[in-house]
Amino acid sequence: MRQPANFLDTTHDAALQSWVASANLPDTDFPIQNLPLGVFRRAGSQEAFRPGAAIGDQVVDLPAACAAGVLAPDVAVSLAGCERGELNAFMALGRAARVALRLALSEGLREGSVHQPALQACLVPQAEADYAVPCRINDYTDFYTGIHHATTVGKLFRPDNPLLPNYKWVPIGSHGRSSSIGVSGQQFLRPKGQTKGSDEAAPVLRPSQRLDYELELGVFVGQGNALGEPIPMAEAEDHAFGLVLLNDWSARDLQAWEYQPLGPFLAKNFASTISPWIVTMEALAPFRAPFARPEGDPQPLPYLDSPGNRENGNIDVSLEVLIQTQAMREAGLPPQQLSKSSYRDAYWTVAQMITHHAVNGCNLQSGDLLGSGTQSGAEPEQAGSLLELTAGGKQVLRLANGETRTFLQDGDAITLRGHCERSGFRRIGFGDCQGQVLAARD
Ligand code: CA
């Protein structure tokens, strides 16, 4: 029997408190109602990366918890195959395994749990942990579900024809590059590539001068599908494991020169950064919202429609972008907010991305990453990229310390944050997704 996406159980109870005191602080991203999964090791060590769950400012070492006998045998077995720091084997097991692990962790970490002494010994402070990409990402697909982003950017590239006629019918996407995906803390060199100014007769190979971020969510695929077997909408979320924040760094000058006719290539494959913790679909259950098309827009074709998607296909995630320049860092200034938006404004849902991806028989595999596309709101200040915030580099952005930006400069660090809030439920968050651009190689 399939549960609706907003199905709740005891693990969502807002009154639950943990014996890990930091998990009970009102502004923590990781209360006991969240329990996101990732892979970690002690910072600076040569230990193997291994699965962990975030609780407050701590990580539960899951193999250690299994070895201590705290997790039931079936839960421990479900984590077998993940010892080398890749969650794929667990992700492939689907929802039932996730629910069992979530319940076991929730019960073990609650105030008064008999497992407290044993689990206490399995905690590692997050401040003393390093993270890796949580699974082997075989394929990365980047969708384009932010209609406000698509419209604003379309205006810059094609003033007369901003939103192409296919946009409201087909979830647009492109195949990305998984080898350059890194976890929060990623540093990368400013990419070089061919660019051609409007006043130049020929393109030149040089470092990008229009380097940008993109505020996105990433969907990790849990169970895959066999080649040739589409995924109907009613089953689509059975294949979703959870969400991360995703910064799809983009070199706009490379993009402008290369993107026609086949779309972005070197403009986007030099780095992509994700947050280390996967917030599971179960943790997101209280924050589901109806999916509806604006008045006058075409309804999705029947294969992209389902009662479940209409009732709660959307997920209400508040998103935020912050910048910390080299000068801010040196002056001890905290990151400054650039914009805020919400995943509720996406034009296509997680289920629609999955179903559309497989409608031609394409096989998704456990650990595949689907980017949501840049999530901008309707208002100019809700833009999820500098391309939009500066109107293609024409409007200078003034920072609080007096610096200005059109696009990113060397040393700039961008942090994405996301959280879910709803009356009657505990606030949950995604943790930081931070990346930094370094000077191009000579
Ligand atoms: Ca993108």
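The figures follow:
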item: Matching helices (runs of 4 or more DSSP H) fully within the range 74-177 where at least 1 residues are surrounded by fewer than 18 Cβ atoms within 10 Å (Cβ to Cβ), more than 18 Å from the chain's Cα centre (by Cα) and outside the structural domain of Glu381 (by TED's automatic domain parsing); result: 95-109, 116-120
item: Number of the condition not met by Asp13 [criteria: (1) surrounded by fewer than 19 Cβ atoms within 10 Å (Cβ to Cβ); (2) of a type in the set (D, E, K, R); (3) in contact with a Pro (Cβ under 9 Å, 6 or more places away or on another chain)]; result: (3)
item: Options Pro26, Pro63, Pro51; residue that is open to solvent by 40 Å² or more (accessible area, probe 1.4 Å), touching a strand residue (DSSP E or B) at 6+ places or on another chain (Cβ under 8 Å) and not small (Gly, Ala, Ser); result: Pro63
item: Single match in Gly224, Gly242, Gly218 (criterion: in a strand (DSSP E or B) and either open to solvent by 60 Å² or more (accessible area, probe 1.4 Å) or more than 16 Å from the ligand (Cβ to nearest atom) (or both)); result: Gly242
item: Residues within the range 198-215 that are in contact (Cβ under 8 Å) with a residue 24 or more places away in the chain and either more than 16 Å from the ligand (Cβ to nearest atom) or outside the structural domain of Leu416 (by TED's automatic domain parsing) (or both), tallied; result: 3
item: Test: Pro302 is surrounded by fewer than 20 Cβ atoms within 10 Å (Cβ to Cβ) and more than 15 Å from the ligand (Cβ to nearest atom); result: yes
item: Residue under evaluation Val183, criteria (1) within 16 Å of the ligand (Cβ to nearest atom); (2) modelled with pLDDT of 95 or more, criterion not met; result: (1)
item: Which listed residue is open to solvent by less than 10 Å² (accessible area, probe 1.4 Å) and touching a Gly at 6+ places or on another chain (Cβ under 8 Å), from Ser318, Ser339; result: Ser339
item: Lone qualifier among Ala251, Ala234, Ala289 - being open to solvent by 40 Å² or more (accessible area, probe 1.4 Å) and either of a type in the set (A, V, I, L, M, F, W, C) or not assigned by TED's automatic domain parsing to the domain that holds Phe90 (or both); result: Ala234
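The values are calculated or read from the model by the stated rules, or taken from the named source; none is laboratory data. Computed from a prediction, not measured in an experiment: that's the story for all the values here. So basically every Cβ, Gly included, is an ideal-geometry build from the backbone, and we count neighbours across all protein chains shown. Note: accessible area is taken over every heavy atom of the protein model, side chains too, but ligands, DNA and RNA are not part of it. Shrake-Rupley method; radii C 1.70, N 1.55, O 1.52, S 1.80 Å.
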